[in-house]
Ligand SMILES: Nc1ncnc2c1ncn2[C@@H]1O[C@H](COP(=O)(O)OP(=O)(O)OP(=O)(O)O)[C@@H](O)[C@H]1O
Ligand SMILES: [Mg+2]
């Protein structure tokens, strides 16, 4: 018999013969049975339908895949009632004998109520006189493929949803995955770095990655390594790496995990700072009074001596006397600042107009500004609501900040004070903007520390006290500065209730 199988990948003539033998009604029963047996030896699942679209045979591989138990002679009782393609068009294709290749669908088995994802190809089979005898349908079970992809998708979704950065590397330290958090944290796109050595990414990022790169190269795992990455200013990260191992315990890659701990670091620094303030406060409270009394006496006597020798017409020690007095005044100021830090907060709260306090402070410093040739610009929003607070304390804060700004603009400069409402209208904001020397990035975390000063004459308590006062007012004091680029101090204070 001359049978043609209109298929491309089932070109094997013998298979075409076998299928033709099964479908051709003229083939003797014994040959048909032998052909059926041969098809059962083929390991690919196969369904054969006759020209009416009725199932003529399913082979053992198909029965095994679908767990259908079909006896050799029961094909004619077996139909699409038991077995259904999810896409109803496939049944039609089988009916009409159209050829399709690698169609993705699922086979639904009614008895088991289960779906098997599959890749399906259908080829019509023709007899001698170009008469279609039926079709042959080959099936590839792609369950594991589909499961693998689903798993991959699930893990990718999870990886992108967590707020932990993850980068995976293969054995050669080539980047195979960068999750969304990593992209965002380091402000890098995924594309330029996927498939490239980790070293390239490390070189692109600010911060000292050398220890991490060395450990990765030596297949050494890192535990809780702290790193400051400068892609965004002063961001602290904690980094861990884990070697990925196969069943034979061989390392085939590394996973680098990192978490941004900047917020925790800031709280930690604040705690240390307030702890320091507390100790200083206790110390000050205990000793300041005792120091002040003898100082007042000394100052009094110096003043008397100064007056007396002046009256006697001796001017020789004038400058020294003046120096003694101003030094005593300086020590007194330190003691006052000490006491201020330890002062129990008496929570004096009254409704205050910030613009008035600022105008007052600027009036006090007018001469100083003239002397230093500083242009002053005030942009005060007259519509801002009052705040609740202590007038003297806030005046002290503003004095400290303006003094710092003036000292930073030693020769001349521009100084701007701006008041306005926050966009959510819950805070009043004051910006103090100077064009002074600015603060180097590495010193920024220290400027609120008590006794941190870069000035010869500085005590280093101005900002520590100011910060304490603003915190007591439930406000916030922020600094933005760059070496050589001027400084902006921003104070947020909650609007008072009218
Ligand atoms: N506007 C500014 N421009 C540049 N540096 C500043 C500015 N404000 C503060 N600083 C830096 O912060 C440090 C701490 O300021 P802080 O006011 O606490 O102390 P100080 O001014 O040095 O001394 P004092 O206790 O007399 O105020 C300063 O020494 C200076 O280095
Ligand atoms: Mg100061």
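The values are calculated or read from the model by the stated rules, or taken from the named source; none is laboratory data. Because the structure is a prediction, the values reported are computed rather than measured. Cβ coordinates were reconstructed from backbone atoms using ideal geometry, including for glycine residues, and neighbour counts include every protein chain displayed.
Here are the numbers for this structure:
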{"quantity": "Yes/no for residue 399 being within 16 Å of ligand 2 (Cβ to nearest atom) and closer than 12 Å to residue 358 by Cβ", "calculated": "yes"}
{"quantity": "Residue in segment 382-395 that is more than 20 Å from residue 330 (Cα to Cα), surrounded by 14 or more Cβ atoms within 10 Å (Cβ to Cβ) and within 14 Å of ligand 2 (Cβ to nearest atom) present", "calculated": "no"}
{"quantity": "Positions within segment 430-459 being within 6 Å of ligand 1 (Cβ to nearest atom) and closer than 21 Å to residue 394 by Cβ, in sequence order", "calculated": "434, 447, 459"}
{"quantity": "Whichever residue in segment 469-498 is more than 28 Å from the chain's Cα centre (by Cα) and within 11 Å of ligand 1 (Cβ to nearest atom) and, among such residues, is surrounded by the most Cβ atoms within 10 Å (Cβ to Cβ)", "calculated": "486"}
{"quantity": "Residue in segment 205-224 that is within 30 Å of residue 466 (Cβ to Cβ) and in contact with a strand residue (DSSP E or B) (Cβ under 6 Å, 6 or more places away or on another chain) present", "calculated": "no"}
{"quantity": "Residue tally, condition touching a helix residue (DSSP H, G or I) at 6+ places or on another chain (Cβ under 7 Å) and either without any contact (Cβ under 8 Å) to a residue 60 or more places away in the chain or farther than 13 Å from residue 137 by Cβ (or both), over segment 17-52", "calculated": "13"}
{"quantity": "Flag for residue 419 being modelled with pLDDT of 95 or more, touching a helix residue (DSSP H, G or I) at 6+ places or on another chain (Cβ under 9 Å) and within 15 Å of ligand 2 (Cβ to nearest atom)", "calculated": "no"}
{"quantity": "Selection count, segment 93-108, where residues are modelled with pLDDT under 70 and not in a loop (DSSP other than H, G, I, E, B)", "calculated": "3"}
{"quantity": "Among the candidates 466, 426, residue that is in the same structural domain as residue 380 (by TED's automatic domain parsing) and more than 8 Å from ligand 1 (Cβ to nearest atom)", "calculated": "426"}
{"quantity": "Filter result (at pLDDT below 90 and assigned to a loop (DSSP other than H, G, I, E, B)) within segment 337-371", "calculated": "343, 344, 345, 346, 347, 348, 349, 365"}
{"quantity": "Qualifying residues in segment 361-374 (those that are touching a residue at least 12 places away in the same chain (Cβ under 8 Å) and surrounded by fewer than 16 Cβ atoms within 10 Å (Cβ to Cβ)) - the one nearest to ligand 1 (Cβ to nearest atom)", "calculated": "368"}
{"quantity": "Options 448, 432; residue that is under 35 Å from the mean Cα position of the chain (by Cα) and either at pLDDT 95 or above or more than 14 Å from ligand 2 (Cβ to nearest atom) (or both)", "calculated": "432"}
{"quantity": "In segment 375-401, the residues that are within 14 Å of ligand 1 (Cβ to nearest atom) and either in contact with a helix residue (DSSP H, G or I) (Cβ under 6 Å, 6 or more places away or on another chain) or under 16 Å from residue 496 (Cβ atoms) (or both)", "calculated": "397, 398, 399, 400"}
{"quantity": "Residue match in segment 453-472 (condition: touching a residue at least 40 places away in the same chain (Cβ under 8 Å), more than 16 Å from ligand 2 (Cβ to nearest atom) and closer than 24 Å to residue 334 by Cβ)", "calculated": "yes"}
{"quantity": "Qualifying positions in segment 432-450 - in contact (Cβ under 8 Å) with a residue 40 or more places away in the chain and closer than 22 Å to residue 266 by Cα", "calculated": "438, 439, 440, 441, 444, 445, 448, 449, 450"}
